[in-house]
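One structure below.
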Amino acid sequence: MAVAVNVSHLKVAARGEGGMPIPIIRDVSFSIKKGEVLALIGESGSGKSTIALSLMGYTRPGLEVVGGRIQVGDQDVLALKSDELRALRGKTVAYVAQSAAASFNPVVRIMDQVIETAVTTQMCTRAVAEAKAIGLFKSLALPNPETLGQRYPHEVSGGQLQRLMAAMALMADPALVIFDEPTTALDVTTQIEVLRAFKAAVKERGVTAVYVSHDLAVVAQIADQIVVLQHGEVREAGQRDQILHEPDADYTQSLMQAAQPEKRVRPSPAKALGTMAPILQIKGMKAGYGKARDGSLQKTVLDNIDLTIEPGRALGIIGESGSGKSTLARVIAGMLPPAAGQVCFYGEVLPPSLRARSRDQLRRIQIVFQNADTAINPAQTVGEVLARPLQFYYGLKGQALTKRVNELLDLIRMPSSSADRLCRKMSGGQKQRVNLARALAAKPDLILCDEVTSALDSVVAAAILDLMAELRHELNLTYVFISHDISAVRAVCDDIMVLYAGTQVEAGQSQAFKSAPYHPYTDLLISSVPQLRRGWLEEARPGSSGAQAQPEDGLCRFLPRCSLKIPGLCDTMPAPRHALTDGRNILCHLDEPSLRAAQLETV
Amino acid sequence: MRKSYSLDAEALPQDGLAVAERAWKSLSISGRVGLVLVIFWLFIAVFGAFLSPYSPSAFVADDVFLPMSAAHWLGSDYLGRDTLSRVLSGTRYTVGLAFFGALLASATGTFLALYAAVSQGVLDEVISRLMDTLISIPSKIFALVLVAVFGASLPLLLLTAAIIYLPGSYRIARALAVNLNSMDYVEVARVRGERKLYIVFHEILPNMLNPMMADFGLRFVFVVLLLSGMSFLGLGVQPPAADLGSLVRENMSGLQDIAPAILAPAIAIATLTIGVNLLIDALPQSGNGKGGH
Amino acid sequence: MRVGLLILKRLGAALLTLWLVSLLVFILSSMLPGDAASEMLGQSATPEAVAALRLKLGLDQPLYVRYFQWLFGLMSGHPGQSMISGLPVAEIIGTRLPKSLFLAGLTALVSVPVALTIGIVSAIYRNSFIDRALNVMTLSMVAVPEFLVATLSVLVFAVSLRWLPALTIIPDVADPASIARAYALPVMTLCFVVVAQMARMTRAAVADQLDQPYVEMAVLKGLTKPRVILRHVLPNATGPIVNAVALSLSYLLGGVVIVETVFNYPGVASLIVDAVTSRDMPLLLACTMVFCTAYMVLVLIADVAAILANPRLARS
């Protein structure tokens, strides 16, 4: 097959202070054959997007190409003049951006944007272009392809916009399409549909493409070749199966490990202490925002939540964005008083609001927030951050304080010299460790972890998860671990609770979540998580991110998206909560045999 | 309490010079020009009186509107007084009033804003509404009304400037404080059980200081512009005291001769305000730092 | 629908603010030592005469009664009589206001196109030499007080070059050449600060849009630079630009005070200076309300522009 793209010895630099160039891409080479998909994979700062954009002869402000050669077809991209570059972009090389929502002009109708390049360069008439666009909408499985183009970007969902952007890229039958992290901003259940549409369109048209991603499992589905990047250098490059099955570079291996948290060995959880009261117990809790006159909530975020945690165990709470999982943490911590139900701590009812709780009650439950950048005061040093809870709860000072701070730094595997460093000058992973250590400083019984790894790169996140597992063992902690990532939760937690739109659709021991039957939503969530093996995308059950409209109160919330719903039952009667044989309970009309039958048949 | 961990402060003296050098190097050319001008005028404002060759109110020249000469570097004014001495003393009035007026506005604005943002509720509503009302009166008009009612003594001018620029400071400080108050680290402090006072002084205020310093600089320029304008109208600083605006006003009759008596105070005001503006513009703005890619 | 409601809300807030302003300035004016009666009759007046005049002017009434009398007078177009000339305030302002509006309108007419050009050009060529040069220029221009600009422009154009008159005498015949000659200096002075302010805010508004990912996308679609700017950037920047223009024009309100005084121009602003000097409170209060209303109108326009600029609000 002919070589479509050839990049040799590409070097890109940033203009630093005083005009000194800082290398961003150091000597990267690869080539793509016609009709192949090449994946550029790496973590943030690896330079993958910079390389992808340079294929269009484009660098972001502050960057410039300082060496190398880029050949697309028979064109030497880096030698093109500005009007030749313009002719290249959008026609020979097309681009699909990460955030379609921001990359569409908000005040121009979608159709006008999709056909803009074709029409303004007189490639074809408007009518022909529109007909072609509608054809592309159809092949990307977009709903209402005939009328979708008449809408404005904000009237269309994120997953659809991402596909519309692919349609825009494919309009001119380009020789090369660049997908720049096109599914990163989407929920997993949406991601699977978008990926499917992309893959079908790429295969159908024999498109040559560069697919930029940080997610090996996504890349495994779509790429023929993989280039692994780190700090602007190629760590490893090769055919997909070779990279996935026999990775050479250490870095690739660590990426692979991070992508499969379940496979790593973790210390077993501390033994439950037998007859003690559960550390945390919640019954029939309801919470939300905005109190109406009659005392009801204007926006109910959580409804009818029951949970129990035994000391020393870890409970994982999973859900998509908007499921209410963070609100649950806020209620437990006392930041949001519940509208109904109580939080019991070691059998004792906790006051609903922060102000009413005693200092000791506050000390025993600590919360760790998702984003360490905002969770730690940037004006303080690490030592100040860690010292404050020690002074506040234990009145430590002088030598004792310094000693305890050093102990904490030791716990999070950081040298004691880092106490004097300013928090804003540390890396994301280090900040998250400090964030965790601040909670540990209080010597709490229970730590609420709210998406503590979702802002981090996978290798760093895996290290944090390992650290948390070790600390739990060492310090006999109890965790509530909130995440949208079911594989991380399954790896860390003993018990799992699945939230959907504020209702608890399934709960039980982590072990039991290894196989069907599941609640239909859990099933969708689990089957949507990309797996490293090839062929997963084809085998996984079709997703169903359908209507967003919520059913009437009391009915199953998942109803509009459920593929197993029983007409006449699910849409008239509230779903009952019933137990499965392995101890889990689910909120569903379907019984165990029919769920199992439906969920095992396709896998 | 904090001291036990602020080793940075102890490390400061020895490399204070290095820090200054790095700061200088990080400034753009226009920023350096601004810094030099600001330092120059601050120096004149503080030490000008000691450098003054004559008493600013003494009639020392042979004639009015004399040109520049060795005896009178900047010539003489409309009454035959030494222009240089009058500019030196006028700078002190202009800079002094503006400095303390802006300081009063910024400090009061910051503290009201902190109080409002943290207490929220009715008090926040009331203060914010009052500030919205004050800010809806164009500054010069407001100054004219205040002067008409209370007169134009120096303390009242200072207070007038502070009242007029307080709402602007308040708005900026409140936006910052509300923003910081919703940060996760403030939330963490609240969940820890910290009191409001601790949160305000340890978690919020330290992160507001940089943008509020820049805002103070802007307010300083505003007050210079306002008060010198009022003096120019004859409604600001009253004789025998004279700020730079008064000097321009009283020497208007020298305009025909293009006398240094009118040019010198004019250039003084312009270089002072332009200098502050250039300096502030060159500072790295943490307030609107949209990092980007 | 939501847009209409939002705009109504803003209008309501503006009216409320204006009412609070009226309350504030009235209370302030009542704090003047000595009252209108003794002020009008002078120091030699007998106490009886002063008392009689007080009764006649209604000054014996409690403050809130006088406030509401004044407020209703203001709203019905009769904000009292000047204490100096004895003429109805409405009549004095009525003859002066059109002149100030003409001056302001002329300034807007000149400043808006100039400022938008500077602002948009420097945003498009961000961080280039021309942008930095324009930045230093506008930054310096906003820092110079109007009276200096006025004084120096008189020095240059009237004293040295002798091109233009130093004082503005409104020509009897309205031919463009004589209007241009008469208004050149005051309009130039007012434009100086307003143009700089407006250009800076416009640049910020356009630069903000240029940072949006959709602009990068438009470039990567191979569109020409004029098309990227005209079709993609400017339609999104219109709201922010109108907002910037309206807010910058409010700087005029301070500028005219100086300019009308320096050029001896018979507008409302020079009236206000006279009212302060002579402590003519009814006149001062009414003029103040005129200025505050003008300011509120500009801020309201700016707010509405910002609301309409949001496509999510404007099209749902």
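The values are calculated or read from the model by the stated rules, or taken from the named source; none is laboratory data. Since the model is a prediction, treat every value here as computed from it, not as a measurement. Every residue, glycine as well, gets a Cβ built from its backbone with ideal geometry; the counts of neighbours run over all protein chains shown. In case anyone asks, the SASA skips ligands and DNA or RNA and just uses the protein heavy atoms, side chains included. Shrake-Rupley method; radii C 1.70, N 1.55, O 1.52, S 1.80 Å.
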Within chain A, helix-based [θ] at 222 nm, where runs of 4 or more DSSP H residues each add -39,500 (n - 2.57), nearest 500: -10000 deg cm²/dmol
Helix-derived mean residue ellipticity, 222 nm - over chain B, DSSP H n ≥ 4, -39500 (n - 2.57), to 500: -23000 deg cm²/dmol
Those residues of the stretch B:167-192 whose amide nitrogen sits under 11 Å from the label point placed on A:Lys299, 7 Å along Cα→Cβ: none
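Using a probe radius of 1.4 Å on protein heavy atoms only, what is the accessible area buried between chains B and C, both sides summed, to the nearest 100 Å²? Could you put the intermediate results ahead of the total?
Numbers: alone 16610 and 17550 Å², together 30380 Å².
Accessible area lost upon association: around 3800 Å².
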Residues whose placed amide H lies under 5 Å from that of A:Ala4, excluding near-sequence neighbours: A:Ile32, A:Lys33, A:Lys34
Size descriptor, Kirkwood hydrodynamic radius, that averages inverse alpha-carbon separations across chain C, Å: 22.6 Å
Folded to 0 to 90 degrees: helix C:251-262 orientation relative to chain C principal axis, Cα: 60 degrees
Solvent-accessible area lost in complex, 40 Å² minimum, residues of the stretch C:252-271 relative to chain alone, 1.4 Å: C:Val257, C:Ile258
Karplus 3J(HN,Hα) series, Hz, for the stretch A:569-577 with 6.51 cos²θ - 1.76 cosθ + 1.60 (x for Gly, Pro): 10, 4, 8, 10, 10, x, 6, x, 8
Rel. contact order, % - alpha carbon contacts under 8 angstrom, at least six apart, chain A: 13 percent
Heavy-atom accessible surface of chain B: percent carbon and sulfur, 1.4 Å: 68 percent
Accessible surface buried once B binds A (1.4 Å probe; total of both sides; Å²): 2400 Å²
Spherically averaged projected area of the stretch A:337-412 from its Cα convex hull (nm²): 6.9 nm²
Cα-Cα over 22 Å, subset of A:Lys138/A:Lys199; A:Lys81/A:Lys203; A:Lys91/A:Lys132; A:Lys11/A:Lys425; A:Lys11/A:Lys48: A:Lys81/A:Lys203; A:Lys11/A:Lys425
Percent of C-alpha pairs per 10 Å bin, chain B, short to long: 6, 22, 27, 23, 14, 6, 2, 0
Fraction of alpha-carbon pairs over 16 Å apart in the stretch A:1-62 - percent: 50 percent
Relative contact order, percent, the stretch B:114-179 [alpha-carbon distance under 8 Å, six or more residues apart]: 48 percent
Computed magnitude of the charge dipole of the protein assembly as shown (debye, nearest 20; Cβ of K, R +1, Cβ of D, E -1): 720 debye
Cβ-Cβ FRET estimate between C:Phe102 and C:Ala13, R0 fixed at 30 Å, reported to 0.05: 0.50
Chain B: DSSP helices with Cα axial extent of at least 20 Å and average Kyte-Doolittle hydropathy no lower than 0.0: B:29-51, B:83-119, B:121-135, B:154-181, B:205-232, B:260-282
Positive-end residue of C:Thr202, C:Leu283, C:Pro186, charge dipole of the stretch C:186-316 with Cβ unit charges: C:Thr202
Interatomic Cα distance distribution for the protein assembly as shown, bins of 10 angstrom, percent: 2, 8, 14, 17, 18, 16, 12, 8, 4, 1, 0, 0
Accessible area buried at the C-A interface, both sides summed, 1.4 Å probe (Å², nearest 100): 2200 Å²
Calculated from backbone phi, Karplus (6.51, -1.76, 1.60) coupling profile of the stretch C:4-9 in Hz, x at Gly/Pro: x, 5, 4, 5, 4, 4
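Let me spell out the model: positive unit charges on the Cβ of Lys and Arg, negative unit charges on the Cβ of Asp and Glu, origin at the Cα centre of the stretch A:397-447. What dipole size does that give, in debye rounded to 20?
Computed charge dipole of the stretch A:397-447: roughly 180 debye.
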Of every Cα-Cα pair in chain A, the percent that sits beyond 36 Å: 44 percent
Value of D in µm² per second that Stokes-Einstein yields for the stretch A:1-123, Kirkwood Rh from Cα pairs, at 4 °C (1.567 mPa s): 81 µm²/s
Orientation-averaged projected area, Cα convex hull of the stretch A:91-242 (nm²): 9.3 nm²
Per-residue average of Cβ from other chains inside 10 Å of A:372-379: 6
Charge sum, other residues only, whose C-beta stays under 9 Å from C:Gly119's C-beta, Lys/Arg counted +1 and Asp/Glu -1: +2
Positive-pole candidate from C:Phe157, C:Leu116, B:Gly109, dipole of the protein assembly as shown, charges at beta carbon: B:Gly109
Accessible surface, chain C, averaged per residue in Å² (probe 1.4 Å): 46 Å²
Descending Cα extents along the principal axes, the stretch C:77-202, whole Å: 59, 37, 27
Those aspartates and glutamates that a straight Cα-Cα span of less than 20 Å connects to C:Lys9, excepting residues fewer than 8 apart in one chain: B:Asp124, B:Glu125, B:Asp132, C:Asp303
Computed log₁₀ I(q)/I(0) - Debye formula, equal Cα scatterers, no solvent, the stretch B:152-293, q 0.11, 0.15, 0.19 Å⁻¹: -0.60, -0.86, -1.11
Amide proton proximity set for A:Tyr95, modelled H, under 5 Å, gap of 5+: A:Gly90, A:Ile178
In Å, descending, principal axis extents of the Cα set of the stretch C:55-109: 48, 22, 15
For the stretch B:22-121: Kirkwood Rh in Å [reciprocal of mean 1/r, alpha carbons]: 16.6 Å
